[in-house]
Amino acid sequence: RPAARVSQLDMLTAEELADQARWNDTAHDLGEPACLHRLVLAQAERRPGALAVRDARAGLTYRELASRVRRLAAELAAAGTGPGELVAVVMERGAEQVVAALAIQLAGAAYLPVDPDFPEQRRHRLLALGRCRLAVTQPWLADRLRWPAEIITLVVSDQPATDPPSLADPATPDDLAYVLFTSGSTGEPKGVMIHHAGAVNTIRDTNQRFGVGPDDRTLSVSALSFDISVQDIFGTLAAGGTLLLPEPAAAKEPAAWARWVSEHRVTVWASAPALMELLVEHAEAEGTDL
């Protein structure tokens, strides 16, 4: 039938068509639109003493995480940030990244990850493309890195606020939540803009499909600038689980991942297939079970 549309051709059997319809029947209720950070802060109300984040240095309960988030959000609000603005997160892997991302959103803005290991020219270019005037960083990076003259740096403190301030929380589900830039390997890096409502739908769907809950522990091996980190951070914490962040030096060390998996009884892994392949190859070479 030369004149027929491809969609009209009988290329699949009735059984295959039924399977296709079943797999594509994904519509279900994901709840009211919401903001990413509010899902996490709600868990801080429900499970204040539960472990929220553990990195190579220490752990934070949900209460401690919320305290640090509110203090940093107050500093960001005092600096004039709000909806529609991008605030850079220039940090190594650690609990401070989580605090920064949540605080930026609580202040109404969106976060832009910038890897501190990038060459200086690329870091500065991303800050310029994001029109950033504020950057949140860690104490040991604040003086080590060179910053554009127009950038104001805020350092995440590791001390909890004794009396976290009350904030307006101006964000709406339609506001920008974060921006991730492409690698730029074939030209100028391009920013992908993601709003709260869409990201919340994605993590709710993923958590529902895979049954992620308060007893789960996620090992995060993806950089903050990689989209899987959104599920690692917000998916895990929105479910009341524990987020595990290996030391920066372990970013490409499957032996370190295997140690964390074993010591912390990891139940959730989300990554690019190549990273999982590295972990499996390591386990096979060592003759160990994961």
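The values are calculated or read from the model by the stated rules, or taken from the named source; none is laboratory data. Note that the structure is predicted; figures quoted are calculated from it, not measured. All Cβ positions, even for glycine, are placed from backbone atoms using ideal geometry, and neighbour counts span all protein chains on display. Note: areas computed on protein heavy atoms with side chains; ligands, DNA, RNA excluded. Shrake-Rupley method; radii C 1.70, N 1.55, O 1.52, S 1.80 Å.
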Nonlocal amide H pairs with I152, under 5 Å, H built at 1.01 Å:
L134, A135
So what is the relative contact order of the chain, in percent, for Cα pairs below 8 Å that sit 6 or more residues apart?
20
I'd like to know which of Y178, L154, G59 lies farthest towards the positive end of the charge dipole of the chain, counting +1 on Cβ of Lys and Arg and -1 on Cβ of Asp and Glu.
L154
Relative contact order (percent, whole number), region 57-119, Cα cutoff 8 Å, 6+ residue spacing:
39
Here D for the chain, in µm²/s, from Stokes-Einstein with a Kirkwood Rh over Cα pairs at 10 °C and 1.306 mPa s, works out to 78
Please give the FRET efficiency for A251 paired with R47, using the beta carbon to beta carbon distance and R0 = 35 Å, rounded to the nearest 0.05.
0.75
Which whole-Hz ³J(HN,Hα) couplings does region 92-103 yield from phi under the Karplus relation 6.51 cos²θ - 1.76 cosθ + 1.60, θ = phi - 60°, glycine and proline marked x?
7, 4, x, 4, 4, 4, 5, 4, 5, 4, 5, 5
How would T26, T61 line up by accessible area, probe 1.4 Å, largest first?
T26, T61
Chain lengthening between A18 and R146 when straightened (0.36 nm per residue, less Cα-Cα)
40.2 nm
When ranked by the protection proxy of mean other Cβ atoms within 10 Å per residue, highest first, what sequence do the peptides 109-119, 34-44 form?
34-44, 109-119
Sequence order, region 114-125: Karplus ³J(HN,Hα) from phi using 6.51 cos²θ - 1.76 cosθ + 1.60, θ = phi - 60°, Hz rounded, Gly and Pro as x, gives 10, 5, x, 7, 5, x, 3, 4, 5, 4, 5, 5
Roughly how big is the chain's charge dipole about its Cα centre, with Cβ charges of +1 (Lys, Arg) and -1 (Asp, Glu), in debye to the nearest 20?
720
Förster radius 25 Å - calculated FRET efficiency between M193 and W269 (Cβ-Cβ, nearest 0.05):
0.35
What percent does the relative contact order of region 43-91 come to when contacts are Cα pairs within less than 8 Å and at least six residues apart?
26
State to the nearest 20 debye the size of the charge dipole of region 73-163 about its Cα centre, where the only charges are +1 on K and R beta carbons and -1 on D and E beta carbons.
380
Pop out the carbon and sulfur fraction of the accessible area of region 1-41 as a percent, whole number, probe 1.4 Å.
54
Under a 1.4 Å probe, what is the accessible area of region 100-231 per residue, stated in Å²?
49
What are the residues whose amide H is under 5 Å from the amide H of L180, where those residues sit 5 or more places off or on another chain and H is modelled from the backbone?
V192, I194
Cα atoms only: what Rg and Dmax, in Å, come out for region 1-77?
24.5, 68
Rounded to a whole number, what % of the accessible area of region 222-263 do carbon and sulfur atoms account for, probe 1.4 Å?
57
